[in-house]
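J.: Sharing a structure below in structure tokens format, with a few things to ask.
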Amino acid sequence: MQINISENQKEIKAHGNYEFPVGINVEKIEAYERGAFLWHWHPEIELTWVMSGQMEYHVNNEKYILKEGDGMFGNSNTLHAGYQKDREACTYLSVTFHPRFLYGYENSVLQTKYVDFVTSNDAWSSLKLEKKTVWHQEIIQMLRNIYEMSQNPPADYELGVHMTLLQIWRKFFQYFNTLPEKEQKPQRYLERLRDIISFVQEHCSQDITLDDVAGHVNICKSECCRFFKKHMGMTLFEYIMFLRIQKSLPLLREGESVTKAAGMAGFSSPAYYGQIFKRYMKCTPREYRAGDGVK
């Protein structure tokens, strides 16, 4: 299993439906290929509650370790990814909803004063909800309530979820409204990162070079390497290798030969492919194809 994304890294998934646009899902990080969901973004706000285990969670250039009982606020349009921590299983609740669900009418005071104030500030991309902070725990308890409602929906289920999300948002607004005004990071920061990720995602199976990536975003090679490493926590080369391995997995599951899977994923040598594959997947391509590998 893996996140389904478009060429510009936007997640292709309906969060809820037209009648009730809220996604309430219990996820397991170990269910994703290699215990990680890939970098992606969506216009919806995402709230996470770790029900058991722990995971490593990245939002833009921030890295968090979320343990059982912790939570996370992920703002609208942020790039984020999650990874298994120390090969430990992790079950978490994900609640996603479009900002519009909070305010209803476009340009209403609810939107301009209370929602856009938070969602338009790139400096407030995320917030870890911790056990030691009282108001954080109040939000986590409300997420628990949403989970319980989703398991045994009462007659006023949708109304209850809506009211609970409004209560949660009120706490976020009160918190962000007390912070000193921060200088917003220029939108170009996120646009450049998305451009690089999208370009690499689209061309990683080809003979892509650092010159190609740097030229695509009009910066020098050294700045491209520094920028990517700073915001992604890995080198550009490591990310390309990771994507190539990910692209080869469905080919192996469909029964393609190791040689063909290596070539189609962008590796010139099956031997080198096998070496990189084992580094990432902890098993050989043949073991994975046979269903005996560690996923």
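The values are calculated or read from the model by the stated rules, or taken from the named source; none is laboratory data. These numbers come from a predicted model, not from an experiment. Backbone-built Cβ (ideal geometry, glycine too); neighbour counts: all protein chains shown.
J.: Assuming Phe237 fulfils every condition listed in (1) surrounded by 14 or more Cβ atoms within 10 Å (Cβ to Cβ); (2) assigned to a helix (DSSP H, G or I) apart from one, which condition is it?
T.: (1)
J.: Here's something else I'd like to know. Just one of Gly215, Gly233 is modelled with pLDDT of 85 or more and outside the structural domain of Pro43 (by TED's automatic domain parsing); which is it?
T.: Gly215 is the lone residue from the list that is modelled with pLDDT of 85 or more and outside the structural domain of Pro43 (by TED's automatic domain parsing).
J.: Consider the range 251-271. How many of its residues are in contact with a Lys or Arg (Cβ under 6 Å, 6 or more places away or on another chain) and among the aromatic types (Phe, Trp, Tyr)?
T.: 0
J.: Just the residues that are touching a strand residue (DSSP E or B) at 6+ places or on another chain (Cβ under 6 Å) and either more than 18 Å from Ser76 (Cα to Cα) or of a type in the set (D, E, K, R) (or both), please, taken from the range 100-138.
T.: If the condition is that a residue be touching a strand residue (DSSP E or B) at 6+ places or on another chain (Cβ under 6 Å) and either more than 18 Å from Ser76 (Cα to Cα) or of a type in the set (D, E, K, R) (or both), then Lys128, His136 are the ones that fit.
J.: When the range 13-36 is examined, which residues are found to be more than 23 Å from Leu165 (Cβ to Cβ) and either among the basic types (Lys, Arg) or in contact with a strand residue (DSSP E or B) (Cβ under 9 Å, 6 or more places away or on another chain) (or both)?
T.: Lys28, Ile29, Glu30, Tyr32, Arg34, Gly35, Ala36
J.: Residue under question is Gly71, and the condition is that it be under 18 Å from Leu165 (Cα atoms) and touching a Leu at 6+ places or on another chain (Cβ under 9 Å); does it hold?
T.: yes
J.: I'm checking my understanding of the structure. Among residues of the range 193-226 that are assigned to a helix (DSSP H, G or I) and of a type in the set (Gly, Ala, Ser), which one is surrounded by the most Cβ atoms within 10 Å (Cβ to Cβ)?
T.: Step by step, filter the range 193-226, then rank; the result is Ala214.
J.: On to the next question. Could you check how many residues of the range 97-149 are among the aromatic types (Phe, Trp, Tyr) and free of Cβ contacts under 8 Å to residues at least 24 places away in the same chain?
T.: 2
J.: Look at the range 237-295 and say how many of its residues are farther than 22 Å from Val200 by Cα and among the polar types (S, T, N, Q).
T.: 3
J.: Against the definition (closer than 25 Å to Arg289 by Cα, among the polar types (S, T, N, Q) and free of Cβ contacts under 8 Å to residues at least 12 places away in the same chain), how does Ser248 come out, yes or no?
T.: Considered against the rule, which asks whether it is closer than 25 Å to Arg289 by Cα, among the polar types (S, T, N, Q) and free of Cβ contacts under 8 Å to residues at least 12 places away in the same chain, Ser248 comes out as no.
J.: Would you call Arg279 out of contact with any Pro (no Cβ under 8 Å at 6 or more places or on another chain), touching a residue at least 24 places away in the same chain (Cβ under 8 Å), assigned to a helix (DSSP H, G or I) and surrounded by fewer than 20 Cβ atoms within 10 Å (Cβ to Cβ)?
T.: Details: out of contact with any Pro (no Cβ under 8 Å at 6 or more places or on another chain): yes; touching a residue at least 24 places away in the same chain (Cβ under 8 Å): no; assigned to a helix (DSSP H, G or I): yes; surrounded by fewer than 20 Cβ atoms within 10 Å (Cβ to Cβ): yes.
For Arg279, the condition - out of contact with any Pro (no Cβ under 8 Å at 6 or more places or on another chain), touching a residue at least 24 places away in the same chain (Cβ under 8 Å), assigned to a helix (DSSP H, G or I) and surrounded by fewer than 20 Cβ atoms within 10 Å (Cβ to Cβ) - is not met.
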